[in-house]
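Heads up: the structure comes next, in structure tokens.
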Amino acid sequence: MRIARLGCPGQEIPVVPDGDRVLDLRAVTPEFLEHGLPTLDVIALPELPDAEGLRFGPPVTRPIAEPA
């Protein structure tokens, strides 16, 4: 399962791309952050309308690389 964030920087929507559909994770984000991805029921997730027009961002809010 792949996770992404769509939208303007700072206003991204967490999503799961699923074939031709983009599923909205906003309603379940706290649940899967606490319990992990295996708890997600992608069949029950709503589709995000107009997803193709949104910016594709990183799957995490603030990616930071630690210095070596």
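The values are calculated or read from the model by the stated rules, or taken from the named source; none is laboratory data. In this text, all values refer to a predicted model and were calculated from it rather than measured experimentally. When we count neighbours, we look across all protein chains shown, and the Cβ atoms used for this are built from the backbone with ideal geometry, even at glycine. Just so you know, the surface numbers come from the protein's heavy atoms only, side chains and all, with ligands and any DNA or RNA stripped out. Shrake-Rupley method; radii C 1.70, N 1.55, O 1.52, S 1.80 Å.
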What number of residues within the stretch 53-68 are open to solvent by 90 Å² or more (accessible area, probe 1.4 Å) and at pLDDT 70 or above? 2
Filtered residue count, the stretch 12-47, keeping only those that are closer than 12 Å to residue 2 by Cβ and at pLDDT 80 or above: 9
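With respect to residue 50, determine if the residue is modelled with pLDDT of 85 or more, surrounded by fewer than 16 Cβ atoms within 10 Å (Cβ to Cβ) and among the acidic types (Asp, Glu).
For residue 50, the condition - modelled with pLDDT of 85 or more, surrounded by fewer than 16 Cβ atoms within 10 Å (Cβ to Cβ) and among the acidic types (Asp, Glu) - is met.
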